[in-house]
Amino acid sequence: RPRLVARNRRRRGEQTKVDIARALASEADLILLDEPFSNLDIDSALQMIQLFRSLGREGKTIILSHHDLYTVSDLATHALLLKSGRVLSQGTLAEAFQGPAIQEAYNVRAIFHQGTEHRFVRFESLRP
């Protein structure tokens, strides 16, 4: 006897876009997003960044979880670094993106642009 299995034909990246569209359709002033760039290709992620910036200019507050500090530094005004549920640093990017907190959170050393404290150039692994 054949089994019927309902399948979601939408790919993960497409589903991410649909989920974000649903959040935006609510017209809420505060939008919470968990890893909104996961499963998106580079172009789609860049489009989302532009959208989030535009929403910020319109007065919307967007709170998102994300692991890529490069994207966060280009998009956010404030950050909160966590490790195992414990707050390591928080505040403006300059306050939150301090070398020791990044090192503890990611086990890497952040190499910063000279003269800035939150604009990193690259990271170096601390693992042998």
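The values are calculated or read from the model by the stated rules, or taken from the named source; none is laboratory data. In this text the structure is predicted, and so the values were computed from the model without any measurement. Note: ideal-geometry Cβ built from the backbone for every residue, glycine included; neighbour counts use all protein chains shown. Surface areas here come from the heavy atoms of the whole protein model, side chains and all, with no ligands, DNA or RNA. Shrake-Rupley method; radii C 1.70, N 1.55, O 1.52, S 1.80 Å.
A single entry from 38, 54, 26 fulfils the requirement of being exposed (fewer than 11 other Cβ atoms within 10 Å of the Cβ) and either modelled with pLDDT under 90 or of a type in the set (A, V, I, L, M, F, W, C) (or both): 26. All of 59, 91 fail the test of being at positive phi, part of a strand (DSSP E or B) and not aliphatic (A, V, I, L, M), apart from 91. Among the residues of segment 96-120, which ones are at pLDDT below 90 and open to solvent by 70 Å² or more (accessible area, probe 1.4 Å)? Selection gives 113, 114, 115, 117, 119.
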